[in-house]
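Notes follow once the structure below has been shown.
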Amino acid sequence: MHELSLAMEVIDLVSQEAEKNRLGMIREITIEVGSLSGVEADAFEWALDLAVKDSILENAVKRILRTPGTGLCSFCDTKFVMNHILDTCPECKNYPEEIQGGREFRIVSITGK
C-alpha cells in the first residue's frame, strides 16, 4: 500500500515546513487527492490517521479534498467527469484528448502556530 508511504512523506514535509517557520503545532492541514492520481483517497486518509501518531500532525484537523477527473473530448468538444483513467466521453464514447483535472496529489494548506 503506497498510501502509507505517501502519508509518511506528507508528515515529513509538514515537519520540515513547521521547523522552517518555527511552528510548534499544526492546527489544520488540507490535502487534495485527485480521482485519477493513483492514490486511493480513503486508504490515504486511513494511512494518514495511522501515521500521525506522535507527530506534529497528531492533533491537527485533517481535510482531504477529493477532486474529480475531468476530460475534454476532441471529437465532440464535451467536457466530462472521469472517475477512471480509461473513461470515455458520455456523448460519443471516444477517449478524451486531454485530461484537465483529477491527477492532483498535493498539500493545499497548513495552519499552525
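Quick note: the coordinates plus some simple rules give every number you see, no bench work behind them. No experiment lies behind these values; they were computed from the predicted model shown. Backbone-built Cβ (ideal geometry, glycine too); neighbour counts: all protein chains shown.
For region 87-96, putting each phi into the Karplus relation 6.51 cos²θ - 1.76 cosθ + 1.60 with θ = phi - 60° gives couplings of 5, 10, 4, x, 8, 10, 6, 8, 6, x Hz, in residue order, rounded to whole numbers and with x for Gly and Pro. Ranked by the mean number of other Cβ atoms within 10 Å per residue, highest first, peptides 45-53, 84-92 order as 45-53, 84-92. Close Lys pairs in the chain (alpha-carbon distance under 22 Å; sequence gap of 8 or more, or different chains): 7. Label-to-label distance for L13 and E91 is 3.5 nm, based on points extended 7 Å past Cα in the beta-carbon direction.
Which value in deg cm²/dmol, rounded to the nearest 500, describes the helix-derived mean residue ellipticity at 222 nm for the chain, given -39,500 (n - 2.57) per DSSP H run of n ≥ 4 and division by the residue count?
Values: 2 runs with 30 residues, N = 113.
The per-residue figure over the chain is -8500 deg cm²/dmol.
When the dipole is taken about the Cα centre of the chain, and only Lys, Arg (+1) and Asp, Glu (-1) are charged at their Cβ, what size is it in debye, to the nearest 20? Please list the in-between numbers first.
Numbers: 12 positive and 19 negative charges, 78 e Å.
Dipole about the Cα centre, nearest 20: 380 debye.
Specify which residue in the list L23, M8, S55 is farthest towards the positive end of the charge dipole of region 1-81, using unit charges on the beta carbon of Lys, Arg (+1) and Asp, Glu (-1), about the Cα centre. Selected residue: L23. One entry in (i) 1.02; (ii) 0.94; (iii) 1.12 is Rg/Rh (Cα atoms, Kirkwood Rh) calculated from the shown coordinates; its label is (iii). Between 0 and 90 degrees, the angle of helix 41-51 with respect to the longest Cα principal axis of the chain falls at about 10 degrees.
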